[in-house]
1. Could you work out the helix-only [θ] at 222 nm for the protein assembly as shown, with each DSSP H run of four or more residues adding -39,500 (n - 2.57) and the total divided by the number of residues, to the nearest 500 deg cm²/dmol?
2. If R0 is 41 Å, what FRET efficiency do you get for residue A:6 and residue B:229 from their C-beta distance, rounded to 0.05?
3. Sort B:252-262, B:207-217 by packing, meaning the average of other beta carbons within 10 Å per residue, with the highest value first.
4. Within the range A:156-183, whose backbone N sits under 12 Å from a point 7 Å along Cα→Cβ of residue B:242?
5. Note down the nm distance, to one decimal, between modelled labels 7 Å out along Cα→Cβ at residue A:281 and at residue B:222.
6. Report the accessible surface area buried between chains B and A, summing both sides, using a 1.4 Å probe on protein heavy atoms only, in Å² rounded to the nearest 100.
7. Looking only at Cβ-Cβ distances, which cysteines of chain B have no other cysteine closer than 4.7 Å?
8. Please find, in a Gaussian network model of chain A (springs between Cα atoms separated by less than 10 Å), the residue of A:146, A:52, A:167 whose mean-square fluctuation is greatest.
2 protein chains.
Amino acid sequence: MPSLIRRVAIVGGTHGNELTGIYLVKKFQQFPHLLHRQSLECMTLLANPEAVAANRRYIDRDLNRCFANEDLSNPALTGYEDRRAKEIAAQLGPKDQPNADAIIDLHSTTANMGLTILPSSKHPFNLRLAAYLNELHPLVRVCCGVKCDRDTPMLRSLSPFGCTIEVGAIAHGVLNADYLQQTEMLVHAILDYLDAMNQGKILPVPPSLTVYQAISSVDYPRNSSGELQAAIHPHLQFKDYEPLCNGEPMFLTFTGESIPYRGETIVYPIFINEAAYYEKKIAMTLTEKQQVRLETM
Amino acid sequence: MPSLIRRVAIVGGTHGNELTGIYLVKKFQQFPHLLHRQSLECMTLLANPEAVAANRRYIDRDLNRCFANEDLSNPALTGYEDRRAKEIAAQLGPKDQPNADAIIDLHSTTANMGLTILPSSKHPFNLRLAAYLNELHPLVRVCCGVKCDRDTPMLRSLSPFGCTIEVGAIAHGVLNADYLQQTEMLVHAILDYLDAMNQGKILPVPPSLTVYQAISSVDYPRNSSGELQAAIHPHLQFKDYEPLCNGEPMFLTFTGESIPYRGETIVYPIFINEAAYYEKKIAMTLTEKQQVRLETM
């Protein structure tokens, strides 16, 4: 359990075409009083300014995959994002003794993820924070990555505490006023929670939390040259977090055949049809729905 | 009225991140028999292959703004898209005596445009074709640009006959199986119509057609540095083709104020929040709804 959370980094523009976080960080920079809380100090950061200027996810490679320890310490990696990652790690990190006590990294997705919290780890502190947000706003869902508790290459991994906020469906390069407001609301709720905790006030947290635990990802059907042969099936499109059972359609080939999900367990796909994941060979991420008992702190 | 439509060009990938047209053209290239019609010949074209490979709208500038006569004849324009436009004009044009008797250019948009037909001009032939599609599929809407009947810089302007098909809302870089199928269905309906007409068969066309006539475009509120100060208002987001009256909200500023539409006439905004139009300073295009009587041919 962290002693106190004194410095919080609010990060936008880790991906240069996800405008929600970019414009929210710009707003906070223009109106810093919005972030004032009695017991903590906020830093704001536009993580990938060149990609923001170019309105592209990245210039050389995905910045949010540049924060693995071995990459941060590898002087041979000199692309724009690799250099930027080292600068950000110097500012917010290092991982073993970070300058930022908590990091909130603001993202959007073309998948229909609604308001999703991806905790920086499964540390009870992060899960309790996520549960607080879920209790406050029942539309908030909580998702843990496959590597949630190990060294990950995500920016949020610079600090053990905090989360990524992922909202959507939003097309890249587009501002959505609703999601902009809801993301801001979540940032304020997080700061309020941290501020209360710092001051020893107890905010209501339920005894358990539904977590969507990522177990694997599924690529699109491709031919031997790697070309797509199918799209997400219309029955699955925009159905993030809904149960998918053995035999239910996953893909529709360009010649009209349905390709079903085959698996013994019911899964809950997320990041369905995320534009940026075609190149990562991810059509969707499969999760299992888990009920996690929260440790008292 | 054209004598006969013998050569039809089906174009995708004019914008390299609009996957609907790209994958449909690839499908037609793989299965050319799908395009066989008794009285006409189809060419398929991936218009901007470098942008397709880069999964970006364009490399140097928007290819679909490179086809004005003065640009096509300007040897000083040597960017990738300018060179590509000249190649395409040599293949499908020239405008005064085109090789392609008709052009169907396949696009998608992040705006909620459903299935939209943008005729290459208001020539009665094009309007009757659009009316046929609208009769066949009532969800099809027909929209004419401000410069619909003059020299335009769009690829479709290489031939006086044909249209652009614009489908959405689809995020750029994303395949949507539903819209892929519906776009294919529209291409087939167009080819069937042209084939029937070539053979002197009369297909049913209603006596009049609803046309959304573009009258102007509206930019986002910006500060003196050109930075956005507002997003599309949540009440207007995804409401393409719906009536907007004086006083109804258009934008929501980042500080929470609503900015209404001010105008005496009811307008029907389209291309609301198209990602690619932020840089063109277009938040939406305003149209007037017109009832156009169709000339018999």
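1. -7500 deg cm²/dmol
2. Once rounded, the FRET efficiency stands at 0.80.
3. Top of the packing list down: B:207-217, B:252-262.
4. Output list for this probe position: empty.
5. Distance between the two pseudo-spin positions: 4.2 nm.
6. The contact between A and B buries close to 2400 Å².
7. Isolated Cys, chain B: B:42, B:66, B:143, B:163, B:245.
8. A:146
The values are calculated or read from the model by the stated rules, or taken from the named source; none is laboratory data. None of these values were measured; they are calculated from a predicted model. Methodologically, a virtual Cβ is constructed for each residue, glycine included, from the backbone with ideal geometry; neighbour enumeration extends over all protein chains shown. Heads up: the accessible areas ignore ligands, DNA and RNA and are worked out on the full protein's heavy atoms, side chains in. Shrake-Rupley method; radii C 1.70, N 1.55, O 1.52, S 1.80 Å.
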